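Novice: Shown below is the structure under consideration.
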Amino acid sequence: MENGFKQKEADQIITEDERPFASASGFDAEGVGDRHHFQTTDQGLRIAFATLGCKVNQVEIEALREEFVQNGYQPVEFTDTADIYVINTCAVTGAAEKKSRAMMRRAKRKNPLGLVIVTGCYGQVAAQSISELPEVDLVVSNNDKEYLLDMLNRYLRNEQPVCENQPRPLRTVKYTFHHPRTRGFVKIQDGCDSFCSYCIVPLARGRIRSKLPHQVREEVRNLAAMGYREIVLNGIHLGNYGKDLEGWKLSSLLRSILEEVPGNYRIRLGSLEPNEVDQELIEIIQRDNRFCKHLHIPLQSGSDKILKSMNRSYTSDQYLDLLQELFRVDPKMGLTADVMVGFPGEGRQEYEDTLELVQKSPLNDLHVFRYSSRPGTKAAVMPDQINEKAKAERSHSLIKVGRNLREKFLDSLINYDLSVLTEEVADMGVKGLSENYVEVLLPSGVELNQLHQIRIRQRQESTLLGEVVEQF
């Protein structure tokens, strides 16, 4: 319990008879052999993971990979032959659903006797139709995703999986080995209550659930102890962390991490909505150098008419005022945004409003995407749907504007010192990521997975070239 909030410990939710009862070293499941043929080795059953969509999906797959490895499974690449394939799907766009189905077919073609498990947002909103596909053996809901190993074991025992209709508490994830990513990720929240008119995520993810603060601190502490120098906090609606916990919000969680978890690491946040960047968060950005000077704040549209139709809870002026305040706090801060083109009712004037706001703002990078109609959302049945040709033209134009903003920002960083996390060896040296989310190329021989103070010397297209001033 923290601040009077009562909730059963997440790790105690699994009762003894629900705990995984079979390791990957062998199953004796009557009837399973009729459907699947597992080539068990000394290293256990081979399992392959694939994920599509958002960073949260990626974090969830890493947590599943960890749990399966701990239970004796042998992870292999998705392109390899595996006994079990797990596909974490996305439903944000029609293209994402199409890619998800292609992954299902690819897995079954690779091993016709293998077991194909589908989970994720597409698996949630289209569970019935997906379960009828011949290439799919098991569909696991988003509510049950963290308990996928238990669901698999029940399936292999020919038992009926115990599916939860209600969201379960978020579990603590404890990694025991360094995963391929240089940065560590902690999922602190799931679900969304906003119901933007174009978005299917609330239907796929359910209501907001926040991981308990002590669980988050435990995960951050573990990752820092394992040598991760950057830890990214993310969630489906990150800025609403604590909405379901009495006395907690995102900024108070950040303060508790920075005060109670010592170590040589920095914290980066995932996407935040404009009205969720409060003064307390801005003060943390100003005062604590362990907080990455980068915020991704979705804009979606610069037209108040379209923002209202989207059910976004801010105006274009409020968005611009926030970004200008952040720019005054630190002119070198990375300020990036999602922008949607082709939303129903977006005429030429509404699109021009978006262009004007972007060009007036201190934004320094854009993620531009075209509106995709999602069944079950209000926008799907709105009048004045925009044709694909117009969407493409607007997208290309806005991407060009975003590219110009990016180049201007990168040029402004020349002769400036940045904190850079070195991540990988490249052809021309060592690549790293700066505190303000810029790719930096350093000379060969610079130590990997360390934070360095770097002086930027020049720009090479979208990459900055720098030299080491100091290692932290």
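Novice: Looking only at the stretch 42-66, count how many residues are in contact (Cβ under 8 Å) with a residue 40 or more places away in the chain, under 20 Å from Asp80 (Cβ atoms) and either crowded, with 20+ Cβ neighbours inside 10 Å or touching a strand residue (DSSP E or B) at 6+ places or on another chain (Cβ under 9 Å) (or both).
Specialist: The total comes to 8.
Novice: Which residues, taken from the stretch 327-349, are surrounded by 21 or more Cβ atoms within 10 Å (Cβ to Cβ) and charged (D, E, K, R)?
Specialist: Once the filter is applied, which keeps residues that are surrounded by 21 or more Cβ atoms within 10 Å (Cβ to Cβ) and charged (D, E, K, R), the stretch 327-349 yields only Glu346.
A quick yes/no check of all residues on (1) part of a helix (DSSP H, G or I); (2) out of contact with any Gly (no Cβ under 6 Å at 6 or more places or on another chain); (3) modelled with pLDDT of 90 or more; (4) small (Gly, Ala, Ser):
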| position | (1), (2), (3), (4) |
| --- | --- |
| Gly33 | yes, yes, no, yes |
| Gln39 | no, yes, no, no |
| Gln58 | yes, yes, yes, no |
| Glu62 | yes, yes, yes, no |
| Gly72 | no, no, yes, yes |
| Thr81 | no, yes, yes, no |
| Glu97 | yes, yes, yes, no |
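Novice: I need the helices (runs of 4 or more DSSP H) fully contained in the stretch 145-262, keeping only those with at least 3 residues that are under 27 Å from Met310 (Cα atoms).
Specialist: Those helices (runs of 4 or more DSSP H) span 201-205.
Novice: Shifting gears a bit: For Gln324, only one of the following conditions fails: (1) in contact with a His (Cβ under 8 Å, 6 or more places away or on another chain); (2) surrounded by fewer than 18 Cβ atoms within 10 Å (Cβ to Cβ); (3) within 23 Å of Leu418 (Cα to Cα). What is its number?
Specialist: If we test Gln324 against (1) in contact with a His (Cβ under 8 Å, 6 or more places away or on another chain); (2) surrounded by fewer than 18 Cβ atoms within 10 Å (Cβ to Cβ); (3) within 23 Å of Leu418 (Cα to Cα), just (1) comes out false.
Novice: Further question on the same structure: At negative phi, surrounded by 19 or more Cβ atoms within 10 Å (Cβ to Cβ) and of a type in the set (Ser, Thr, Tyr): does that describe Ser194?
Specialist: Taking the combined requirement at face value, the residue does not satisfy it.
Novice: Just a yes or no: is a residue in the stretch 268-277 under 25 Å from Glu447 (Cα atoms) and in contact with an Asp or Glu (Cβ under 8 Å, 6 or more places away or on another chain)?
Specialist: Yes, the conditions are met somewhere in the stretch 268-277.
Novice: Still on this structure, please answer the following. Being at pLDDT 95 or above, in contact with an Asp or Glu (Cβ under 8 Å, 6 or more places away or on another chain), in a helix (DSSP H, G or I) and among the aliphatic types (A, V, I, L, M) narrows it down to one residue among Leu410, Leu357, Leu405; which is it?
Specialist: Going through Leu410, Leu357, Leu405 in turn, just one is at pLDDT 95 or above, in contact with an Asp or Glu (Cβ under 8 Å, 6 or more places away or on another chain), in a helix (DSSP H, G or I) and among the aliphatic types (A, V, I, L, M): Leu405.
Novice: Any chance you could count how many residues in the stretch 83-95 are of a type in the set (Val, Ile, Thr) and part of a loop (DSSP other than H, G, I, E, B)?
Specialist: Count: 2.
Novice: Take the residues of the stretch 384-416 that are among the basic types (Lys, Arg) and free of Cβ contacts under 8 Å to residues at least 40 places away in the same chain: which is surrounded by the most Cβ atoms within 10 Å (Cβ to Cβ)?
Specialist: Going through the qualifying residues, I end up with Arg403.
Novice: Return the total of residues in the stretch 456-466 being out of contact with any helix residue (DSSP H, G or I) (no Cβ under 9 Å at 6 or more places or on another chain) and either buried (at least 16 other Cβ atoms within 10 Å of the Cβ) or modelled with pLDDT under 95 (or both).
Specialist: 2
The values are calculated or read from the model by the stated rules, or taken from the named source; none is laboratory data. What you see is a predicted model, and the numbers here were worked out from it, not measured in a lab. Positions of Cβ are backbone-derived with ideal geometry, glycine not excepted, and every protein chain shown enters the neighbour counts.
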